[in-house]
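Undergrad: Below: one structure in structure tokens.
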Amino acid sequence: MAIDSLVELREVYRPPAARAGLKVLDHLDVHCRNFIALSPFYVISSARADGRSDASPRGDPPGSLAHVPDDTTLLLPDRPGNRQVDTLMNVVERPYVGLVFFVPGLTETLRVNGRAEISTDPEHLKPLAINGKPPISVLKVTVEEAFLHCAKALIRARLWEADAQVQRSRYPTYGQVLADQIAGVDADEIDAGETESARTELY
């Protein structure tokens, strides 16, 4: 049976604990800032004007993944990629994002939601330079909600457990997948290009 009202939804799920709402901050406190400083990876969600949503991974060395100039501002670099700029196009149309930060070894995650704008201001780019190369642009996020998410999801996934890691041979390479999906594509050529791009064009 499909659930299509909040009343029906609450008939299935009991009310949340009081602290679930109380833990939601409207700023980045010292614990949020420390979590972000330790994080090398986050997932960003955004939505188009028509409401269709998208999620995208982002990664950098800890300390370079984001810059927090104050407790309500988060600067996120956009590094060289495929130039499809799905997230940035979504932000132009609907300027809100959701973020989930991960820290290897920790089972809690940090969730941040806020209003975003795209900036090429040199003062925003400079703190996020790596090897002397600034990002192409940054997302300036004005924080509206920030909270630590409990560990259950990552415990269930056993994400950081050594014996849960999947051998590379169990899944085809990026090039092999695209060759199966796109007629006329050469898997070896794509894989070689991706290897070279990762070597020379990360920043």
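Undergrad: Would you point out which residue out of Arg48, Arg79, Arg83 is of a type in the set (D, E, K, R) and touching a Pro at 6+ places or on another chain (Cβ under 6 Å)?
TA: Arg79 is the lone residue from the list that is of a type in the set (D, E, K, R) and touching a Pro at 6+ places or on another chain (Cβ under 6 Å).
Undergrad: Restricting the search to the range 1-47, which residues are surrounded by fewer than 16 Cβ atoms within 10 Å (Cβ to Cβ) and among the small types (Gly, Ala, Ser)?
TA: Across the range 1-47, the qualifying residues are Ala2, Ser5, Ala17, Ala18, Ala20, Gly21, Ala37.
Undergrad: How many residues does the range 108-135 contain that are hydroxyl-bearing (Ser, Thr, Tyr) and either open to solvent by less than 40 Å² (accessible area, probe 1.4 Å) or in a strand (DSSP E or B) (or both)?
TA: Taking the range 108-135 first, the residues hydroxyl-bearing (Ser, Thr, Tyr) are 109, 119-120.
Restricting the remaining residues to those that are either open to solvent by less than 40 Å² (accessible area, probe 1.4 Å) or in a strand (DSSP E or B) (or both) gives 109, 119.
Adding up the residues that qualify gives 2.
Undergrad: Report, ordered by the first and then the second residue, all pairs with beta carbons closer than 9 Å, sequence separation of six or more or different chains, a first member in the range 110-132 that is over 22 Å from Asp29 (Cα atoms), and a second member that is loosely packed, with under 12 Cβ neighbours inside 10 Å.
TA: Ile130/Pro61
Undergrad: List the helices (runs of 4 or more DSSP H) that sit entirely inside the range 141-203 and contain at least 3 residues that are hydrophobic (A, V, I, L, M, F, W, C) and under 29 Å from Leu99 (Cβ atoms). Step through it out loud before you land on a result.
TA: Details: elements: 152-157, 174-181, 187-200.
Output list reads 152-157.
Undergrad: Turning to a different aspect of this structure: Can you pull out the residues in the range 1-29 that are without any contact (Cβ under 8 Å) to a residue 12 or more places away in the chain and closer than 18 Å to Cys150 by Cα? Write out each step before concluding.
TA: Applying the first criterion (without any contact (Cβ under 8 Å) to a residue 12 or more places away in the chain) to the range 1-29 yields 1-22.
Hits for the range 1-29 are Tyr13, Arg14, Pro15, Pro16, Ala17, Ala18, Arg19, Ala20, Gly21, Leu22.
Undergrad: Determine the pairs where a residue that is under 13 Å from His31 (Cα atoms) and open to solvent by less than 60 Å² (accessible area, probe 1.4 Å), located within the range 136-149, has a partner that is among the aliphatic types (A, V, I, L, M) and part of a strand (DSSP E or B) with Cβ atoms under 6 Å apart, the partner being 6 or more residues away or on another chain.
TA: These pairs meet every condition: Ala146/Leu25; Ala146/Val112.
Undergrad: Another question about this same structure. Going through the range 48-65 one residue at a time, which ones are open to solvent by 20 Å² or more (accessible area, probe 1.4 Å) and in contact with a strand residue (DSSP E or B) (Cβ under 9 Å, 6 or more places away or on another chain)? Give the steps one after another, and end with the answer.
TA: We begin by selecting, within the range 48-65, every residue open to solvent by 20 Å² or more (accessible area, probe 1.4 Å); these are 48-59, 61-64.
Of everything in the range 48-65, those that are open to solvent by 20 Å² or more (accessible area, probe 1.4 Å) and in contact with a strand residue (DSSP E or B) (Cβ under 9 Å, 6 or more places away or on another chain) turn out to be Arg48, Ser53, Asp54, Ala55, Ser56, Pro57, Arg58, Gly59, Pro61, Ser64.
Undergrad: Among (1) touching a helix residue (DSSP H, G or I) at 6+ places or on another chain (Cβ under 9 Å); (2) at pLDDT below 95; (3) of a type outside the set (Asp, Glu), there is one condition Leu28 misses while meeting the rest; what is its number?
TA: (2)
Undergrad: Also, I was wondering about something else. Please determine, by comparing only the residues of the range 158-203 that are closer than 30 Å to Glu108 by Cα and touching a residue at least 60 places away in the same chain (Cβ under 8 Å), which one is least open to solvent (accessible area, probe 1.4 Å).
TA: Tyr203
The values are calculated or read from the model by the stated rules, or taken from the named source; none is laboratory data. Given the structure is predicted, the values throughout are model-derived calculations rather than measurements. Glycine also receives a Cβ, built like all others from the backbone with ideal geometry; neighbour counts cover every protein chain displayed. Just so you know, the surface numbers come from the protein's heavy atoms only, side chains and all, with ligands and any DNA or RNA stripped out. Shrake-Rupley method; radii C 1.70, N 1.55, O 1.52, S 1.80 Å.
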